[in-house]
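All remarks here apply to the structure that follows.
The values are calculated or read from the model by the stated rules, or taken from the named source; none is laboratory data. None of the values given here were measured: they were computed from a predicted structure. Cβ atoms come from the backbone with ideal geometry, glycine included; neighbour counts cover every protein chain shown. In case anyone asks, the SASA skips ligands and DNA or RNA and just uses the protein heavy atoms, side chains included. Shrake-Rupley method; radii C 1.70, N 1.55, O 1.52, S 1.80 Å.
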Amino acid sequence: MEQILNAVGIMIIGVFGCVAYFLASNTILDLIWPARGPQAARNIRITNLIRPWLFMGPALALLATYLVYPVFQSIWLSFHNETGDEFVGLANWIWLANDDKFLESMANNMLWLFFVPAASTAFGLIAAALTDRIRWGNFAKSLIFMPMAISFIGASVIWKFVYEYRGSDQEQIGILNAVIVALGGEPQAWITIPFWNSFFLMIILIWIQTGFAMVILSAALRGISEETIEAAVLDGATPLQIFFRIKIPQMWGTIAVVWTTITILVLKVFDIVLAMTNGQWSSQVLANLMFDWMFRGNDYGRASTVALVIMLLVTPIMVWNIRNARKEMQ
């Protein structure tokens, strides 16, 4: 209860603080350059130039503090030792290129990149197409989208009960093992099986992101011109031909945006791996490796080096995504 009250109090203070800031800053601006008197026209021009910065200023300051500054700090730390006191040149980068855990993390991240965006987008597209054709489609969409409201840690806890393993002489409480035992099979400790455990972790993210993909792609489906579809029907096109040859091409820009958005998320995946395996059993990923070196190894140099690798992988995709989104808006 205390935590809830603190959270509510902080939200109230934040909202009223923002309102007070904007009211006070605009009032002061109007007092300094009043829109009256012989200089009214000049003062209005000045206030019109300054006023937008009053609104953008706090956001830009926060971005500079929590986004821009950490990038330069990480670059600086990547050329220093574990405490950041001694310049070591390229030593951290050389270590990175020869570290087995880093190579394992890169391989696993590539595996995640190959399957998660493709599966999430495909399932989201299928769900969008099917729910748009049934009477209770909005209810179905709500159910599919619901995992998006769960934190990654919360989702991991749920799926831990799905993959839970107990000895073969004990009753299985994990859903997957319970089903397998009921069918006459042997229970397995699924998340401890190297290579395959990565796929079991991927399923969690696919389960979460399918709802996101469905909502965006459903909106794109509804934006397709009905005249185009009616013309295809009159020409004798089947539902599958209409979907793959008419709808998909018109939605390709949106599909690409959804795909790349999930790709960026996959490159930063951390919570699921931390909660499920903590990088054990050959399931390590880059973000979790960075966390290990920063908070367990207390090595700022190596942790910053891994963080920069993640940034270098994310940035080109993010830039392409923004450009593509702008084209879609135009």
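Among the residues that make up the stretch 46-59, is at least one of them within 30 Å of A307 (Cβ to Cβ), open to solvent by less than 70 Å² (accessible area, probe 1.4 Å) and either over 28 Å from the mean Cα position of the chain (by Cα) or among the hydrophobic types (A, V, I, L, M, F, W, C) (or both)?
Looking through the stretch 46-59, at least one residue is within 30 Å of A307 (Cβ to Cβ), open to solvent by less than 70 Å² (accessible area, probe 1.4 Å) and either over 28 Å from the mean Cα position of the chain (by Cα) or among the hydrophobic types (A, V, I, L, M, F, W, C) (or both).
Whether any residue in the stretch 211-225 is outside any helix (DSSP H, G or I) and touching a helix residue (DSSP H, G or I) at 6+ places or on another chain (Cβ under 7 Å) is what I want to check.
yes
So which of K160, K141 is modelled with pLDDT under 90, open to solvent by less than 90 Å² (accessible area, probe 1.4 Å), part of a helix (DSSP H, G or I) and of a type in the set (D, E, K, R)?
Exactly one of K160, K141 is modelled with pLDDT under 90, open to solvent by less than 90 Å² (accessible area, probe 1.4 Å), part of a helix (DSSP H, G or I) and of a type in the set (D, E, K, R), namely K141.
Based on this model, can you work out whether I153 counts as under 29 Å from S218 (Cβ atoms) and in a loop (DSSP other than H, G, I, E, B)?
Here the answer is no, as I153 does not meet what is asked.
Could you list all residues from the stretch 60-91 that are closer than 15 Å to L308 by Cα and touching a strand residue (DSSP E or B) at 6+ places or on another chain (Cβ under 8 Å)?
F79, H80
Can you tell me which of (1) under 20 Å from I94 (Cα atoms); (2) in contact (Cβ under 8 Å) with a residue 12 or more places away in the chain; (3) open to solvent by 10 Å² or more (accessible area, probe 1.4 Å) is the one S282 doesn't meet?
It fails just one condition, (1).
Go through (1) at positive phi; (2) at pLDDT 90 or above for G236 and report which single condition fails.
Only one criterion is unmet by G236, namely (2).
If you check every pair at least six apart or on different chains, which have Cβ atoms under 7 Å apart with a residue in the stretch 224-253 that is closer than 18 Å to A122 by Cβ first and a residue that is open to solvent by 50 Å² or more (accessible area, probe 1.4 Å) second?
Between residues of the stretch 224-253 that are closer than 18 Å to A122 by Cβ and residues that are open to solvent by 50 Å² or more (accessible area, probe 1.4 Å), the close pairs are G253/K327; G253/E328.
Mind checking which residues of the stretch 265-279 are open to solvent by less than 30 Å² (accessible area, probe 1.4 Å), under 11 Å from W112 (Cα atoms) and assigned to a helix (DSSP H, G or I)?
Listed by number, the residues that qualify are V266, L267.
In the stretch 163-186, what residues are open to solvent by less than 90 Å² (accessible area, probe 1.4 Å), hydrophobic (A, V, I, L, M, F, W, C) and either at pLDDT 90 or above or assigned to a helix (DSSP H, G or I) (or both)?
L176, A178, V179, I180, V181, A182, listed by residue number.
Mind listing whichever residues of the stretch 188-202 are surrounded by 20 or more Cβ atoms within 10 Å (Cβ to Cβ) and either outside any helix (DSSP H, G or I) or among the β-branched types (V, I, T) (or both)?
Listed by number, the list holds a single entry, I191.
Give me the residue from the stretch 1-45 that is small (G, A, S) and part of a loop (DSSP other than H, G, I, E, B) and, out of that set, least open to solvent (accessible area, probe 1.4 Å).
Among them, the one singled out is G37.
State whether one or more residues within the stretch 119-127 are more than 22 Å from I272 (Cβ to Cβ) and either among the aliphatic types (A, V, I, L, M) or loosely packed, with under 15 Cβ neighbours inside 10 Å (or both).
There is at least one residue in the stretch 119-127 that is more than 22 Å from I272 (Cβ to Cβ) and either among the aliphatic types (A, V, I, L, M) or loosely packed, with under 15 Cβ neighbours inside 10 Å (or both).
Identify, from the list S142, S120, the residue that is polar (S, T, N, Q) and more than 21 Å from V314 (Cβ to Cβ).
Result of the check over S142, S120: S142.
For residues that are closer than 23 Å to F79 by Cα, among the small types (G, A, S) and at pLDDT 90 or above, scanning just the stretch 273-330, find the one that is nearest to the chain's Cα centre (by Cα).
A287
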